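Here is the structure we will look at, set down as structure tokens.
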Amino acid sequence: MTRTSKARNYHNPGQNNEQHATIARYNQAIKRNPSDDKAYASRGVAYYNIQNYSRALADFDQALQLNPDDDYAWYKKGETLRLLKRYEEALTAYEQALHLDPSDSAVWHNKGVTLQSLKRYEEALVAYEQALHLDPSNAQAYNNRGLAHAELQDYPHALSDFDHALELNSSYAGAYNNRGRVHAILEDYPHALSDFDHALDLDPSNVKAYYNRGFTHAQLQNYSRAIADYTQALELNPSQSLAYYRRGLAHANLRDYSRAIADYTQALELDPSNAQVYYNRGNAHVMQKDYPRALADYTQSLQLDPSQISAYINRGTTHLLLEDYPRALADFDHALDLDPSDATAYYNRGAIHMALEDYSRALADYTQTLELDPSYAEAYYSLGLAHLRQKDSPSAITNFDRFLQLAPSSAKAYFQRGQAYVASGVYQQARLDYERAFALDSAETMSLFQATLPLLDRALERDPSDAKAYFNRMFAYAALKDEASMLTVIERASALDPSISAAMNSYTHIKFEHGDFDRAVQLSPTHPFVYLFRGCAYCKIKNYPRAIADFDRAIQLDPSDARVYILRGFASILSNDVERATADFDHALTLDPSIVNSYGRYIYPKVEGQPDASKLDRVFEQDISVLTWQLYSPQSEE
């Protein structure tokens, strides 16, 4: 017997507006015949239809007491219990119905739905299979079986079932939504969005479709569209805590932390038991530097779910920002107790040891970080710093090298590697690293140098003969554009270690465009590079005789530098002294034959008639620092 015929036998009530009249009619029937089981069952159906489940259940129980073999009454009792979320009792009622009529596809289907509510997905699949065997045209059964497959992560079968459901019913909005969810799980976002669009075209009030489409937009980092969809879902149903939470995440990704916090707060008003919402609100508070509120949220999150490693790590990091090192250490220790393979926890614990100047433990934690995750770039940088603090310059340089392979645009890494080269006495390489740091981020590099000045002053108080400290202080003064102090330090550093003078003869970052070149020569009369700079300055204002005089002095002080001959040759060409220019270019090539590779287009060993000096004139019109960078580029240095 089909479900429809059984319903007719029970005088199934009509439309919803007739339900109360139907109940009154069966009240009279029961008064006339209190043993009429069908009257009780039919009145139970009417109560069921107006969602008065407690009275419906009482009527089905009375009907079954009068007639225990009424399979339809067992079925409707099961339906009522399912809607009351009394799932185990509902299963018992369905089993009774199937015992009486095992061919009823509707009972099998709803048994599957109940098993699915109990997360007994394998058993649910068996029930759906039986329902579809009895009624292959049941689109809802295909849809629900697809949901069970999805819960078991059997996505191909889930998609196949949703496809079947839509073949049977092309206007089934729920099936489009559910298929879209599986596409989203499989990161097939174009198909997911298409399915959600179809679902909403068919049912513009489908809250789940708006929510799921918003989630998909968020996965595609289209946060503005995600916010629009979550907002639409909330307009349709303002009681969705997860929609507020997801919209908060989208706001946070757009760095709108105030709106994110407002959404997280609303989500928690609706569901104060969600640990993840507290955690993410804590993250938003951190971004606003509201550390006390962040700590309170992380703590609440951990009270709700003590297994959250990320909450321990973030709370520990917040304690670290507040320099509360004992509490920070305790949190990172908790995180590592929960997961000894968490590289971030080791890294952050290493940062605490660094702050406490416990460099041996810092080294151990950073090393463990890299054993767990060899691509953790910042760990190489921090490991380099720890080695530098322990005066292990070679190991520091090695780790800064590895960091720069992963992050080649890091000014701070070039600065710190420069510090390590100074500590090793490799001044030329230190100079190049400092220059590279300035080129990448002059403001950050200036700040780093400025921070070193008090340390360098203390170092020189302890040891006035520390040439390395003088070298670093020289660059710190250069960063602060204090040329006078810098040149004084150069004199002292070079006197202590002649290799510093060699490294500085081609220093290209010092910018004298705002300085006094005559004062520079007075402060450092024995250094060729100050004459070189002043000579370039004279060329820039087309005073070539004075430029040549300064280049002459630079060559007297260091006759081995081929590039000064090139500069004097340029000035001679601009003075129409081709013969002297040719002699200088020839001598430069004798000193360094490779120089032609870089400057061959400017060298005129044999010139017939008047040379075209326009190119050279434009060269000297550039900033002096640019010109010297071209002439003293690191690529041509040993």
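Every number in this text was worked out from the coordinates using simple rules, so none of it is lab data. Here the structure is a predicted model, which is why all the values come from computation and not from measurement. Glycine also receives a Cβ, built like all others from the backbone with ideal geometry; neighbour counts cover every protein chain displayed.
Per Stokes-Einstein, at 37 °C and 0.692 mPa s, what whole-number D in µm² s⁻¹ belongs to the range 257-346, with the Kirkwood radius over Cα pairs as the hydrodynamic radius?
So the translational diffusion coefficient is about 252 µm²/s.
Can you bin the range 30-127 into rounded, prolate or oblate? Criterion: square roots of the alpha carbon gyration tensor eigenvalues sorted a ≥ b ≥ c, rounded for a/c under 1.5, prolate for a/b above b/c, oblate for the rest.
Judged from the Cα gyration tensor, the range 30-127 comes out prolate (a/c at least 1.5, a/b above b/c).
Can you order the peptides 328-340, 379-391 by their average number of other Cβ atoms within 10 Å per residue, highest first?
So the peptides 328-340, 379-391, ranked by packing, come out 379-391, 328-340.
Using θ = phi - 60° and the Karplus curve 6.51 cos²θ - 1.76 cosθ + 1.60, what whole-Hz ³J(HN,Hα) does each residue of the range 423-433 get, with Gly and Pro shown as x?
Calculated HN-Hα couplings, in order: 4, 8, x, 9, 5, 4, 5, 4, 4, 4, 5 Hz.
If a/c stays under 1.5 just call it rounded; otherwise compare a/b with b/c (prolate if a/b is bigger, oblate if not). Do that for the range 370-443, with a ≥ b ≥ c from the square roots of the Cα gyration tensor eigenvalues.
Here the range 370-443 falls in the oblate category.
Taking the alpha-carbon centroid of each part, what is the distance from the range 190-235 to the range 413-430 in angstrom?
One Cα centre to the other: 54 Å.
From the phi of every residue in the range 140-145, what ³J(HN,Hα) in whole Hz does the Karplus formula 6.51 cos²θ - 1.76 cosθ + 1.60 yield, where θ is phi - 60° and glycine or proline is x?
With coefficients 6.51, -1.76 and 1.60, one gets 5, 5, 4, 4, 5, 5 Hz.
Using every Cα-Cα pair within the range 120-279, state what percent have a distance larger than 22 Å.
Cα-Cα pairs of the range 120-279 separated by over 22 Å account for 47 percent.
Give me the Å³ per residue figure for the convex hull around the C-alpha atoms of the range 194-246.
60 Å³
Would you mind pulling out the separation of the Cα centroids of the range 74-121 and the range 327-351, in Å?
49 Å
Taking 0.36 nm per residue of separation and subtracting the Cα-Cα distance, what length does fully extending residue 465 through residue 194 add?
That works out to 90.2 nm of additional length.
Using a/c under 1.5 as the rounded threshold, could you call the range 542-596 rounded, prolate or oblate? The axes a ≥ b ≥ c are square roots of the C-alpha gyration tensor eigenvalues, and prolate needs a/b larger than b/c, oblate otherwise.
oblate
Spelling out what I want: for every residue of the range 389-400, take phi, set θ = phi - 60°, compute 6.51 cos²θ - 1.76 cosθ + 1.60 (Karplus), and round to whole Hz; glycine and proline get x.
Residue by residue, the range 389-400 yields 5, 8, 6, 9, 5, x, 5, 4, 4, 4, 6, 5 Hz.
For residue 296 and residue 447, what is the calculated FRET efficiency with R₀ set at 45 Å and r taken between the beta-carbons, to the nearest 0.05?
Calculated value: 0.85.
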